[in-house]
Amino acid sequence: MTKTSASQRTTRYRPGLAWFAAIGTLWVFVLVFLGAFTTSTMSGMAFPDWPLSNGSINPPGWLTELDKFAEHSHRLSATLMGLITIVIAVWIHRTDARLWLRRLALAAVLLVVFQGVVGGLRVLLDGMHVNMVNTSVGRLFAMLHACLAQLYICNLIALALACTRPWIERPLPLAEGVRRLGITCCVLLFTQLAIASVVRHSFAGLAIPTFP
């Protein structure tokens, strides 16, 4: 990075970046919905290959067959989400003076790339069985895929919030105790989400038919 380009970075509010990050954050929920739909309809293996679908970007039948539609639409939306994340990261890197935000944007790119690879391994390694846990290697990657999705969503929301006018122009002081409490709550919430992903992808939701 040259001194000239570094000097152009500021912490001022950029409405274009703020709105683009907000739209990206909204799109990630579409992606999550399509992923949940794919899991609910058990369509994760509608195509046995990756990154293409039956060797094609536009496989026959994906608009008319439910399982193919669920899986392929999820793949397409994930690709779009990856491109959106890269644009946000480059935009922030070129214009924002906050080092922590540039690092967070880079983390978002690494997360979305890693998430895509994990999703691909879920497909490619589905035929390998793990006797110890009586499931496939692909299914284990599906559990990791679900957990990483939560981290990625939180990362993207944090980027979008940090680009808003109130965050930049009217920052609020935060006590150390509140900060620690927030981190603790996030850790507990992520732990619960990880447990839920294991339950969902191992089809254990009705293992105990009574409640509470």
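The values are calculated or read from the model by the stated rules, or taken from the named source; none is laboratory data. Not measured: the values here are computed from a predicted model. Every residue, glycine as well, gets a Cβ built from its backbone with ideal geometry; the counts of neighbours run over all protein chains shown.
List of remarks:
- Looking at Gly82, Gly116, Gly35, Gly44, just one residue is in contact with a Ser or Thr (Cβ under 7 Å, 6 or more places away or on another chain), touching a residue at least 24 places away in the same chain (Cβ under 8 Å) and within 24 Å of Ala142 (Cα to Cα), and that residue is Gly44.
- Which listed residue, of Pro166, Pro171, is exposed (fewer than 15 other Cβ atoms within 10 Å of the Cβ), assigned to a helix (DSSP H, G or I) and modelled with pLDDT under 95: Pro166
- Selection status of Ala196, under 25 Å from Val28 (Cβ atoms), in a helix (DSSP H, G or I) and in contact with a Gly (Cβ under 8 Å, 6 or more places away or on another chain): no
- Cβ-Cβ under 6 Å pairs, at least 6 apart or on other chains, segment 58-76 side among the hydroxyl-bearing types (Ser, Thr, Tyr), far side crowded, with 19+ Cβ neighbours inside 10 Å: Ser73/Leu34
- Between Leu156, Leu189, the distinction of being surrounded by 15 or more Cβ atoms within 10 Å (Cβ to Cβ) and assigned to a helix (DSSP H, G or I) belongs to Leu156 only.
- Segment 88-110, residues that are farther than 17 Å from Leu161 by Cβ, hydrophobic (A, V, I, L, M, F, W, C) and surrounded by 15 or more Cβ atoms within 10 Å (Cβ to Cβ): Val109
- Pairs linking a residue in segment 200-212 that is over 21 Å from Gly35 (Cβ atoms) and free of Cβ contacts under 8 Å to residues at least 24 places away in the same chain to a residue that is part of a loop (DSSP other than H, G, I, E, B) and among the aliphatic types (A, V, I, L, M), with Cβ atoms under 9 Å and 6 or more positions apart or on different chains, do not occur.
- Within segment 21-69, tally of residues that are in a helix (DSSP H, G or I), over 17 Å from the mean Cα position of the chain (by Cα) and buried (at least 16 other Cβ atoms within 10 Å of the Cβ): 3
- Residue within segment 17-36 that is out of contact with any helix residue (DSSP H, G or I) (no Cβ under 8 Å at 6 or more places or on another chain) and modelled with pLDDT of 95 or more present: yes
- One residue from Phe211, Phe190, Phe203 being under 26 Å from Gly24 (Cβ atoms) and not basic (Lys, Arg): Phe190
- Complete set of residues in segment 163-199 that are more than 19 Å from Ile153 (Cβ to Cβ) and in contact (Cβ under 8 Å) with a residue 12 or more places away in the chain: Arg165, Ile168, Glu169
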